[in-house]
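Where a number appears in this text, it was derived from the coordinates with a stated rule and is not lab data. Quick caveat, the model's predicted, so the values are computed rather than measured. Virtual Cβ from ideal backbone geometry, glycine too; neighbours counted across all protein chains shown.
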Amino acid sequence: MEKKPAILSQRIVASSRLFKVEELQLRFSNGEERTYERLASGMRAGAVMVVAMLDKEHFVMIEEYCAGVNDYQLTIPKGLIEKDEDVLAAANRELKEEAGYGAKKLEYVTSLTLSPSYMAQRIQVVLAQDLYPEKLVGDEPEPIIVSTAKLNDLFTLSQNPNFTEGRAIAALYIVRDLLISRGELTTC
C-alpha cells in the first residue's frame, strides 16, 4: 500500500446547512503536489441505512421525495445519526419514524461510501429483524409510503426506474448474501 499523501493545507471554501466544501493541498510520496476538493459532511455524527426484514423473505421499503433527482424514489429507511446517539439506536429510531416499525434485533453490517474520491460521507448499514409495529413522529414533510419487496428478487426491483439509489442497492445485496451465508435465506 502506498503512503498516504501529506496534507499541506486544508480549508473550507464553501458551506451550507448540510455540507462543507473542503480544499486540500496534498503532496504525494513522489513529491507531486495537487489541489483536491471534497464534499465534507456538516453533520459529524454520520448517517445510517436500515435493511429491515419483515420476515425471512421480505424487507421494508419506503417511497419518499428526493430533492437531488427531483422525483419520488423507492429506497430503504435511512437518516442522520443524532449527536450522542449510537448507530443501532439511530437505525431503530429511523425505522420507527420512516416505516412505522421497531426492531428487537439490530446488527451492524458494514459502512458504505458513495463517491470516496469527492465525498467524505459514510453511511452505516444495519440489519433489523424481529420487527414490531411502532411509529415515531419524524421530520418528513409528508407521509412516507411503506411497502415490501422480496430480498431474492433484487434484480427485478433494480429494473424499476424509481429504485436507483446505489447505497440502498448495495446494502440489500450485502445483507442478502449475509443471510444466505448464514442459512437464514434460501436462494430461488
Can you give the longest run of the chain that contains no chymotrypsin sites (Phe, Trp or Tyr not before Pro) sitting in a DSSP loop with at most 13 other Cβ atoms inside 10 Å?
29-117
Listed here are the pairs Lys78/Lys104; Lys96/Lys150; Lys4/Lys78; Lys20/Lys96; Lys20/Lys83; Lys20/Lys104; which of them are more than 25 Å apart at the Cα?
Lys4/Lys78; Lys20/Lys96; Lys20/Lys104
Do any trypsin sites (Lys or Arg not before Pro) in the range 68-141 lie in a DSSP loop with no more than 12 other beta carbon atoms within 10 Å, and if so, which?
Lys83, Lys135
Among the GluC sites (Glu not before Pro) in the range 1-34, which ones are in a DSSP loop with at most 15 other Cβ atoms within 10 Å of the Cβ? Mind listing them?
Glu2, Glu32
Here are a few candidate values for Cα Rg over 2.2 N^0.38 Å: [x] 1.08; [y] 1.16; [z] 1.84. Which one was actually calculated from the structure I just gave you?
[y]
If each of Asp153 and Ser181 carries a label point 7 Å out from its Cα toward its Cβ, how far apart are those two points in nm?
2.6
Glu134-Asp86 pseudo-label distance in nm [points 7 Å out on the Cα-to-Cβ vector]
1.6
